[in-house]
1. Any residue in the stretch 174-188 that's farther than 18 Å from Gly155 by Cβ: show its pairings with residues that are among the hydrophobic types (A, V, I, L, M, F, W, C) at Cβ separation under 6 Å, as long as the two are six or more apart or on different chains.
2. Look at the stretch 19-77 and say how many of its residues are of a type in the set (Ser, Thr, Tyr), under 19 Å from Val98 (Cα atoms) and surrounded by 15 or more Cβ atoms within 10 Å (Cβ to Cβ).
3. Residues in the stretch 40-57: is at least one assigned to a helix (DSSP H, G or I) and in contact (Cβ under 8 Å) with a residue 60 or more places away in the chain?
4. List pairs: first residue in the stretch 11-30 and closer than 14 Å to Lys185 by Cα, second residue part of a loop (DSSP other than H, G, I, E, B) and at pLDDT 90 or above anywhere in the structure, Cβ distance under 6 angstrom, at least six positions apart or on different chains.
5. I'm told Met1 meets every condition in (1) surrounded by 16 or more Cβ atoms within 10 Å (Cβ to Cβ); (2) under 21 Å from Ser182 (Cβ atoms); (3) modelled with pLDDT under 95 except one. Can you identify the failing condition by its number?
Amino acid sequence: MITIVSNRHQILYSDLITHLKRCSHPSINRIILREKDLSQEAIIKKIRMIKSIPKLKKIPLFLNGPYELSETFGADGRHYTMAQFESLKTMPEFPVGVSVHSLEEIEGLNQSPIAYALYGHVFSTACKAGLSARGVDNLEVLLERSKSPLVVLGGIDQKNYKCLYQKGCQEIALMSSAMKTSDPKAYLSSFEAPNRPNI
């Protein structure tokens, strides 16, 4: 499964809404709308536009950004930084995702009913220039210790994603590579689903 993280500034061939529409694919598990520089009024308009498109309406949409933390503004859920999540006085009634960067943070969320934890960045990426990648050596431990679905992010592309599945990861997140491609449907189709153990 794949989580798409938006970044309209990286889209070279169309506008954000058109590009996300072209990203609709059976492998997409959710979209994180990450347009933090937009005003609250502008982000509400984007959410309404996304939710007006039948193909996108079916995909869970999580809002990420500095907006009122107790609101979704029409999205299906919210994505928080760890600091934002810890500042909440009560657990929201809507689905929640949280960015994590360590085993300690992952284990700290195990008692919270979150929809997923987003861990990164595992590979070097221009979005985190100057910061060392966390790598994949301890990924198996992180996956084992996390009681919530752990989504892996950061520098993932067609050349390196399979090693994440080999480590046991069931879901990856794509931002730059998915935003920059001129053919999202073909690009996303190139990612094979992970092999799941027989039950």
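The values are calculated or read from the model by the stated rules, or taken from the named source; none is laboratory data. Please read all numbers here as calculations on a predicted model, not as lab measurements. FYI the Cβ positions are ideal-geometry reconstructions off the backbone, even for glycines, and counts take in every protein chain you see.
1. Between residues of the stretch 174-188 that are farther than 18 Å from Gly155 by Cβ and residues that are among the hydrophobic types (A, V, I, L, M, F, W, C), the close pairs are Pro184/Cys23.
2. The total comes to 2.
3. no
4. Pairs found: Tyr13/Ser182; His19/Ile11; Lys21/Ile53; Ile28/Ile59.
5. For Met1, the exception is condition (2).
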